[in-house]
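The values are calculated or read from the model by the stated rules, or taken from the named source; none is laboratory data. In this text, all values refer to a predicted model and were calculated from it rather than measured experimentally. Quick reminder, even Gly has a Cβ in these numbers, built from the backbone with ideal geometry, and neighbours come from all protein chains shown.
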């Protein structure tokens with residue numbers, strides 16, 4: 001399938017999830033992440049869910065990063081050049097919902113992508129090599145290219161399945177790890 005077809009299919013599939021199913025899947029994925037990775041003293045870029053898109057909840061991960069002494073980093077999207085500005089997250093009062101429904105920082109101390117140890121990346125679907133399909137604007141592909149060589153890119157998927165992506169592009173950056181409701185996949189092997 002093309003990325004466009006995959007986006008359409010997985011947006012429709014997400015829309016069928018009940019609030020209970022979404023909460024249950026989110027909890028399963030977050031538990032796997034927290035059992036596998038220690039974020040203490042690490043700089044972790046994390047996305048917050050766009051609720052109307054039924055994105056996986058990451059609030060439990062954000063809380064754990066804070067509790068374990070990690071440094072959560074949130075991004076703010078610039079839709080004119082499709083870039084992300086990174087901010088050190090300190091308190092919920094920093095957040096506002098953008099016109100696109102994205103919980104984003106409105107202020108704070110900015111962080112360079114080269115400082116990040118982990119980037120938790122949103123996705124709609126992915127293939128068995130760790131290439132993901134997002135919303136199609138390239139925000140995260142641009143961000144990941146700015147990270148240091150040993151930064152780990154982590155996807156979170158609502159579904160336990162891979163897709164065939166027929167139109168991969170040379171600028172697509174694959175994930176290192178992905179967590180689904182029932183498994184962790186390591187694409188570095």
Of (1) under 26 Å from residue 145 (Cβ atoms); (2) buried (at least 16 other Cβ atoms within 10 Å of the Cβ), residue 54 satisfies every one except (1)
With (1) touching a residue at least 12 places away in the same chain (Cβ under 8 Å); (2) in contact with a strand residue (DSSP E or B) (Cβ under 9 Å, 6 or more places away or on another chain); (3) surrounded by fewer than 17 Cβ atoms within 10 Å (Cβ to Cβ) as the list, and residue 101 as the residue in question, which single condition is left unmet?
(2)
Just checking, how many residues over segment 73-89 are assigned to a loop (DSSP other than H, G, I, E, B) and either touching a residue at least 60 places away in the same chain (Cβ under 8 Å) or surrounded by fewer than 15 Cβ atoms within 10 Å (Cβ to Cβ) (or both)?
4
Considering only residues that are farther than 19 Å from residue 86 by Cβ, over 12 Å from the mean Cα position of the chain (by Cα), touching a residue at least 60 places away in the same chain (Cβ under 8 Å) and crowded, with 16+ Cβ neighbours inside 10 Å, which ones fall in segment 134-187?
159, 163, 165, 180, 181
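Please specify each residue of segment 14-27 satisfying the condition of being surrounded by 15 or more Cβ atoms within 10 Å (Cβ to Cβ) and over 21 Å from residue 137 (Cα atoms).
Passing the criteria: 17, 22, 25, 26.
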Does residue 70 meet the test of being surrounded by 15 or more Cβ atoms within 10 Å (Cβ to Cβ) and at pLDDT below 95?
no
Residue check: is residue 66 in contact with a strand residue (DSSP E or B) (Cβ under 9 Å, 6 or more places away or on another chain) and either within 17 Å of residue 159 (Cβ to Cβ) or without any contact (Cβ under 8 Å) to a residue 24 or more places away in the chain (or both)?
yes
Of all residues in segment 104-124 being out of contact with any helix residue (DSSP H, G or I) (no Cβ under 8 Å at 6 or more places or on another chain), free of Cβ contacts under 8 Å to residues at least 60 places away in the same chain and buried (at least 18 other Cβ atoms within 10 Å of the Cβ), the one that is nearest to residue 37 (Cα to Cα)
123
Per-region count, segment 123-151, residues at negative phi and touching a strand residue (DSSP E or B) at 6+ places or on another chain (Cβ under 7 Å):
13
